[in-house]
Each structure stands twice: as structure tokens, then as C-alpha cells.
Amino acid sequence: LTTKDHNMNGPAIAVEYSANKKLGGMSATHASKATCPITCALLKADQGIACYADRGKQAITTKRISKEPITDDLEIATLEADRIDELTGRHDLRVHVVGDCKTPEAAGIVGSAMVRHSQRKHKRSAYTYTHAWPVVKRDAWQGASVLGSADSVDQIPAIVEQGYAPAVIVNEYPNQDRAFTLHGIKFIPCPWLTRGISCVDCRLCLDSDKLKDRNCGIAFIPEKNTSKRTR
């Protein structure tokens, strides 16, 4: 379901309400993979077909919007910000089911739209993750909730240095659903993966500043249907 039909056209789209079980009922945006930093390991692996956004039904949307002729990151960021502004604001917002902001300028455009979404009358939260943290510092996002995504646990200190709360994928949870420590950061196992608690109910990633202030990050493990390429 979308706010307006034209939201489904172009290299950046917004969905008013996603029934995705993990999200638990949120608005969401999708942007062309042209916005992704070339340093992202999931983009580089096997010519980009290892990305989580290239599997299941999501792959249909990812392929369609990534074929759009517009590839300029600032132009796409502006379009995505417009799509966010067109949402009703009644729901929390997951930005970049696919896509990213690979420059500080693009992050500022999308981040500002995320903040506007959160400041509307319904006061719903907006959040995302980024693989562009090596070149886009946390403050470039204008106060939006953004976690830095690590390709390996060795990147955790650098992500924290850039101002982000880190999100990392590990092979297994050493303490089952209890927190554990890596590089001095307390990592909380994703409650969706351990207890089936949706993002809209969990809300940890929706306030990355609180995670950062508490020296915490979020840890994910590959789900059962994760492809070998992604692993």
C-alpha cells in the first residue's frame, strides 16, 4: 500500500504501510543500489547479488528501481526525501530496505526528511543503517537515527569513532538471547531473531543515540534462508 501511486515509480519509492513481519507494520523506503557505497562487501560480492535486498520478493523491487536511468546520489536522495515527505507520518519509518547514502550531502538530505517525519503530529520514529560510515560521519545525518553496519567485527572501533552505534553480523550468539561484548561494546542480540519481537515493538534501532550513549550495538545472525553468497 502506498500513499500515492506515483510513489512506486523512479529510483526511490516509499511504502505507506509494509506488512513485513519483521518490521511489524511500518512505512518504508527503497532506493536504487546506485546509492550504495562500492566499499560495501555485500555489494561487491558476486557482482552485487549477495545483498539481502536481492533475495525473495524484495528482489523484484530492488531490480526494478536499480534499473532506473537516474544514478546521481544527490538526485536520488532528493527524490527519496520527497517520498518521505509525502507519507502520512502515522507509522514508524524504516529507511533503505535497499539503498544507502554514500556521501555526506545525500545523508543530509535523507536524514533531514527522516527528522521531519519524526517531528510531524504523530511523532513516529524513523531509522536506518549505513555501510557508508567510512566517509559519512554520524552528524551528517542531521540527527536521524542511523546505525553503522559492519562487514566484520574488526570494523566496530572505526564505526564507533565515526559517531555511530554499530550493527554487526556474527555467526552465532555466544550467550543465546543475552548481551555480549565485542571491542568494548555491549551487543544486544536482535530480539526478532531470538524471541520473534518485531522492530515496531522492540524499538532499539529506532533510537540509535540511546544505544550510543549506553555504549551498545545490535548483533544479527544470518537467518536460515540466507544465501551462501551472503554468508
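The values are calculated or read from the model by the stated rules, or taken from the named source; none is laboratory data. The shown structure was predicted, so the numbers you read here are calculated from the model rather than taken from an experiment. Side chains are part of the model used for accessible areas, which takes the heavy atoms of the whole protein and leaves out ligands, DNA and RNA. Shrake-Rupley method; radii C 1.70, N 1.55, O 1.52, S 1.80 Å.
Ignoring any ligand, DNA or RNA, what whole percent of the accessible area of the range 1-147 comes from carbon and sulfur when the probe is 1.4 angstrom? Carbon and sulfur together cover 54 percent of it.
Counting only protein chains, not ligands or nucleic acids, how are 139, 73 ordered by accessible area (probe 1.4 Å), most first? Please list the in-between numbers first.
Details: 139 115, 73 25 Å².
From most exposed to least exposed: 139, 73.
Of the labelled figures (1) 11.2; (2) 15.0; (3) 12.2, only one reflects mean projected area of the Cα convex hull in nm² as derived from the coordinates, namely (1). For the Cα trace of the range 121-191, dividing Rg by the Kirkwood Rh returns an Rg/Rh value of 1.01.
Every helix of 4 or more DSSP H residues in the chain counts as -39500 (n - 2.57), and over all residues that averages to -7500 deg cm²/dmol at 222 nm. Going through the cross-link list 102/212; 21/212; 102/137; 121/212; 22/102, which pairs have a Cα-Cα distance over 18 Å in this structure? Flagged as over cut-off: 102/212; 21/212; 121/212; 22/102.
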